[in-house]
1. So, in region 54-108, how many residues would count as being part of a loop (DSSP other than H, G, I, E, B), touching a strand residue (DSSP E or B) at 6+ places or on another chain (Cβ under 7 Å) and at pLDDT 95 or above?
2. If you go through region 268-277 one residue at a time, do you hit one that is within 12 Å of the ligand (Cβ to nearest atom) and surrounded by fewer than 18 Cβ atoms within 10 Å (Cβ to Cβ)?
3. Check region 178-191 and report whether any residue there is under 20 Å from Asp121 (Cβ atoms), out of contact with any helix residue (DSSP H, G or I) (no Cβ under 7 Å at 6 or more places or on another chain) and β-branched (Val, Ile, Thr).
4. Just the residues that are within 11 Å of the ligand (Cβ to nearest atom) and either over 14 Å from Glu35 (Cβ atoms) or in contact with a strand residue (DSSP E or B) (Cβ under 9 Å, 6 or more places away or on another chain) (or both), please, taken from region 168-181.
5. Being in a helix (DSSP H, G or I), touching a helix residue (DSSP H, G or I) at 6+ places or on another chain (Cβ under 9 Å) and among the aromatic types (Phe, Trp, Tyr) narrows it down to one residue among Phe252, Phe230; which is it?
6. In this structure, does Lys33 turn out to be in contact with a helix residue (DSSP H, G or I) (Cβ under 8 Å, 6 or more places away or on another chain) and at negative phi?
7. Filter region 183-230 down to residues that are within 12 Å of the ligand (Cβ to nearest atom) and over 17 Å from Ser160 (Cα atoms), then give me how many there are.
8. Being in a loop (DSSP other than H, G, I, E, B) and either among the small types (Gly, Ala, Ser) or within 12 Å of the ligand (Cβ to nearest atom) (or both), is that true of even one residue in region 153-167?
Amino acid sequence: MRYHESMLDLIGDTPLVKLNSVTSGLSATVLAKVEYFNPGGSVKDRIAVRMIDAAEQSGALRPGGVIVEPTSGNTGVGLAMVAQRRGYKCVFVCPDKVSMDKINVMRAYGAEVVVCPTAVDPEHPDSYYNVSDRLVRETPGAWKPDQYSNPENPQSHYLSTGPELWEQTDGRITCFVAGVGTGGTISGTGRFLKEVSNGGVRVVGADPEGSVYSGGSGRPYLVEGVGEDFWPTAYDSAVPDEIIAVSDRDSFLMTRRLAREEGLLVGGSCGMAVVAALRAAERLGPDDVVVVLLPDSGRGYLSKIFNDEWMADYGFLDADQGEATVADIL
Ligand code: PMP
C-alpha cells in the first residue's frame, strides 16, 4: 500500500513552475514556487509544524494545551491542522480586513476565531496584537507561537524552503523573490541560499506600498498577509539585498493575470511578489534563474480580487480590464 501516515507528511516539497506568459520580453527564466500545494494550502504549514514541534520539546506546549495566535489566516490553518493531530485547541485573532472566506476556513478546521479592528494602533487594547496577549494571559495552558518573533519561523525556511530551491534548480538559482510579512520566508530561505551559493543569490523582498519594509509608515493597504507597521524580529534586514514596493493595484491586476494566463489561481501577495520578480528580472540576463515564492491559493480571495465589482469599487479595474463582453469577443 502507498499512503501517508497523516496530512502532516505532505508539508513541503512543493513544485517549481515556469512562468511563460507574464514574463514575455524578459530573458531570465522565472520560476514560481507554488506553496498552495502544501496540505493546508499555504507556505505557513511549514512554520506551523516546526513551531509546534519545538514548543513540545521545550515544554512550552503541554498535552491538552491551547494555541493562541494573531494570524491573517494561513498560519491559523497550518496550526489548526497540526493541532488536530496532536490534540490541542486553537484560538486565533485576526484583523477585520481578512476575508470572511479565510476566517470560515480556520473555523472549518475546528479553530475559534476572534476578529479585531484594523484601523487602530498596535498599542490600542483592541488591536489584534493586544487581544491575543490578553487571551494568552487569561487562558490556562495557553501557548502563543508568535510567528513574528519565533526563531523557528525563519528556521523552518532555512531547513526546508531554501534547500528545496537549491536542489530543484540544481544550484542555478541566481535571484530569490518573496513577499515580506513576518519576514520568516525571506530571512530563512534567503540566508540559506546566500550561504550555500557563497553570496551568488540575490535576495529581493516585495512589500506593499506604505509598509515599513519599503520605508513607509504602516499606512493601510489591501493586499493581505504581507507588509507590517512594525519591525518583527523574525525579519533579518541583513538578508534582502533590495526591497521593491508594489501598489495594491499592480498586485491585484497581476494576481488576475496569473490565473488567466498561467493557470495559477493564487492570492494577492503572490501577484505582488511576481510584480517585484519581473522588475528584478528586467535587469537580468539569459543565464539568470529567478525564483518567486507564491504563498497561497486564490480560493480565499474570490469575493475580492477575482470579483470585478470589488475591484472596480477601489478603482483597480479600468473598463478595458473587466470581463470580456460578447461584443468584445465578436
Ligand atoms: N503572503 C501571505 C498570503 C501570507 O499569509 C504571508 C504570511 N504572513 C506572507 C505572504 C509573508 O510570509 P512571511 O510571514 O514569511 O514573511
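The values are calculated or read from the model by the stated rules, or taken from the named source; none is laboratory data. Only a predicted model underlies this, so the values are computations on that prediction, with no experimental measurement involved. Reconstructed Cβ throughout: ideal geometry from the backbone, glycine too, with neighbour counts over all protein chains shown.
1. 4
2. There is no residue in region 268-277 that is within 12 Å of the ligand (Cβ to nearest atom) and surrounded by fewer than 18 Cβ atoms within 10 Å (Cβ to Cβ).
3. No, that holds for no residue.
4. Residues satisfying the conditions are Ala178, Gly179, Val180.
5. Of Phe252, Phe230, the one residue that is in a helix (DSSP H, G or I), touching a helix residue (DSSP H, G or I) at 6+ places or on another chain (Cβ under 9 Å) and among the aromatic types (Phe, Trp, Tyr) is Phe252.
6. yes
7. Residues that pass the stated criteria total 12.
8. No - not one qualifying residue is present in region 153-167.
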